[in-house]
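Shown next, in structure tokens, is the structure this report addresses.
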Amino acid sequence: MLFYDIYMVFIGLLILIIGVLIGIAFLTLLERKVLGYIQIRKGPNKLGILGILQPFSDVIKLFTKEQTYPNFSNYIMYYFSPVFGFILSLMVWSVIPYYFNLLSFNLGLLFILCCMSLGVYTVMIAGWSSNSNYALLGGLRAVAQTISYEVSLFMILLSSVILIMDYNLLMYEYYQKLIWFMFLMFPLGLCWISSMLAETNRTPFDFAEGESELVSGFNVEYSSGGFALIFLAEYSSILFMSLLFVLIYMGGYMLNIMFYMKLLFISFLFIWVRGTLPRYRYDKLMYLAWKSYLPISLNFLLFFLGLKIYLA
């Protein structure tokens, strides 16, 4: 019986990973289409009906190209850091609280935070092992930015944890039956959205890939498969962050069409912001994290702590 259960969990995880990869593929298509229409042009529209097969064509192209690597790079680390980054970005998906045969455990949020923190190392090693100044600078920027925003992200998350006193992601649905946490802790929800953009290195906070000064940033030396894996990891984390936002602030996990519509809207928000806002200045980004979000999240944390003690 135990073997059967483990087998079913393994099959469930496999289906989940395939689903996530297909989701990522169509998220890239959505991004290209939406950015196209924002810039008053068509996106991909040649392959299949309305360009629907474009992501699969991109995957085949990327993975069949020749893999190049710099002669003076630290080859093993250079080669494996995108792979580990991609594995980490897929690992966090295993704790999404499905109601059937998957891993739903009480410390789900803690596991997510651990995996997110480890993601920093893969970017840092990818930038350093390329032995290119541009890549190293991009990696350092990404690490400084991600660590800065992780602090405020954790603090914001801690407020909602204190409110429900549980790390289990399933509990968020029970506590949001009457009112979404988005309305209950409104400024924190907005802080979370912008921290989410900074955490995933997206516009207007994409300093790790500042093309104007860093020629694409930490992934500048990567080609074909390595580049594709970094790309996949980024989009996987975007999709996951959108999901986490819906779980924590927009009514929790429900297996209905509205849940997926909310998820689609938050994913669309990432693309909308990219098409609309210019890149931020780096010192302003750091100022925002340490001088704005950190005090706000700490004050809210103390407020909810006091509220919890008062109501207890």
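The values are calculated or read from the model by the stated rules, or taken from the named source; none is laboratory data. Bear in mind the structure is a predicted one, so any value in this text is a computation, not a measurement. Here the Cβ is made from the backbone with ideal geometry for all residues, glycine too, and neighbour counts use every protein chain on show.
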Would you check which residues across the range 1-39 are charged (D, E, K, R) and at pLDDT 90 or above and list them? 31, 32, 33
Within the range 60-69, can one find any residue that is part of a helix (DSSP H, G or I) and of a type in the set (Asp, Glu)? no
Is it the case that the range 229-251 has a residue that's at pLDDT below 85, at positive phi and not charged (D, E, K, R)? yes
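With aromatic (Phe, Trp, Tyr) and under 30 Å from residue 81 (Cβ atoms) as the only criterion, which of 222, 249, 260, 253 stands out?
On the way: 249 fails: under 30 Å from residue 81 (Cβ atoms); 260 fails: under 30 Å from residue 81 (Cβ atoms); 253 fails: under 30 Å from residue 81 (Cβ atoms).
Step by step, each of 222, 249, 260, 253 is checked, and only 222 is aromatic (Phe, Trp, Tyr) and under 30 Å from residue 81 (Cβ atoms).
Looking only at the range 246-270, filter to residues that are in a helix (DSSP H, G or I) and in contact with a Lys or Arg (Cβ under 9 Å, 6 or more places away or on another chain); which one of those is surrounded by the most Cβ atoms within 10 Å (Cβ to Cβ)?
Among residues in the range 246-270 that are in a helix (DSSP H, G or I) and in contact with a Lys or Arg (Cβ under 9 Å, 6 or more places away or on another chain), the one surrounded by the most Cβ atoms within 10 Å (Cβ to Cβ) is 246.
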Could you tell me how many of the residues in the range 150-206 are touching a Leu at 6+ places or on another chain (Cβ under 7 Å) and part of a loop (DSSP other than H, G, I, E, B)? 5
Any idea which residue in the range 116-149 is surrounded by the most Cβ atoms within 10 Å (Cβ to Cβ), counting only those that are of a type in the set (S, T, N, Q) and assigned to a helix (DSSP H, G or I)? 122
Checked 230, 266 against criteria (in contact (Cβ under 8 Å) with a residue 12 or more places away in the chain and in contact with a Ser or Thr (Cβ under 7 Å, 6 or more places away or on another chain)); the one match is 266
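Let's see how each residue does on (1) closer than 30 Å to residue 156 by Cα; (2) out of contact with any Gly (no Cβ under 7 Å at 6 or more places or on another chain); (3) buried (at least 16 other Cβ atoms within 10 Å of the Cβ); (4) not polar (S, T, N, Q):
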{"residue": "15", "(1), (2), (3), (4)": "no, yes, no, yes"}
{"residue": "24", "(1), (2), (3), (4)": "yes, yes, yes, yes"}
{"residue": "28", "(1), (2), (3), (4)": "yes, yes, yes, no"}
{"residue": "56", "(1), (2), (3), (4)": "no, yes, no, yes"}
{"residue": "65", "(1), (2), (3), (4)": "no, yes, no, yes"}
{"residue": "71", "(1), (2), (3), (4)": "no, yes, no, no"}
{"residue": "98", "(1), (2), (3), (4)": "yes, yes, no, yes"}
Please determine, by comparing only the residues of the range 150-202 that are within 20 Å of the chain's Cα centre (by Cα) and among the charged types (D, E, K, R), which one is surrounded by the most Cβ atoms within 10 Å (Cβ to Cβ). 199
Verdict on residue 33 being surrounded by 17 or more Cβ atoms within 10 Å (Cβ to Cβ), more than 30 Å from residue 128 (Cα to Cα) and among the charged types (D, E, K, R): yes
Which numbered condition residue 30 misses (of (1) among the aliphatic types (A, V, I, L, M); (2) closer than 24 Å to residue 199 by Cα; (3) without any contact (Cβ under 8 Å) to a residue 40 or more places away in the chain): (3)
